[in-house]
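The values are calculated or read from the model by the stated rules, or taken from the named source; none is laboratory data. Just so it is clear, the model here is predicted, and its values are computed rather than measured. So basically every Cβ, Gly included, is an ideal-geometry build from the backbone, and we count neighbours across all protein chains shown.
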Amino acid sequence: MLASLIAGLATGETLAALRRAKRAAIAYAAAGVLALVGIVFLLVAGAIWAAERYGATEATLVIGVAFLVLAGLVLIVHKLTSQARARAAARRRNRDFTKAAVAAGIAVAPALLRGRAGTAVLLAPAIAAIAYAIYRENSRPDDPGEES
């Protein structure tokens, strides 16, 4: 990867790629501006047509309300998709953290198991987890509806 980057810099290939990317960005920006101007003219033509047919006030009110409804729909869709993306990102972070913790545990386990103290360090949390599970099982009432 590094060698291909250095070779690209040496041959001038990288500069050519940057120039192509710059030209493409300018072309897409110009096309976007022209498309936006075209959309504005179409909206103006639609407003003129509606004003001639229904009256100026009614036409502009209907067009304004329609755009407000569209804006609300866009916001609702964005909120729903952003919440889904946030949940997926949280699941991905948890999964990555778990993988990193397991990898760290596997990497350090041989060093801990070499000595006698290392075995105690590994067994202490396991014993504590078992003791806590026993405590939780025995501290719950058998029947929540039953009076003591």
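From the list G55, G32, the lone residue that is at positive phi and free of Cβ contacts under 8 Å to residues at least 12 places away in the same chain is G55.
Among the conditions (1) without any contact (Cβ under 8 Å) to a residue 12 or more places away in the chain; (2) more than 37 Å from the chain's Cα centre (by Cα), A50 misses just one, which is (1).
Filtering I26, I63 for residues that are part of a helix (DSSP H, G or I), surrounded by 11 or more Cβ atoms within 10 Å (Cβ to Cβ) and more than 22 Å from the chain's Cα centre (by Cα) leaves a single hit, I63.
In the condition set (1) modelled with pLDDT of 85 or more; (2) loosely packed, with under 10 Cβ neighbours inside 10 Å; (3) not hydrophobic (A, V, I, L, M, F, W, C), T81 is compliant with all but (2).
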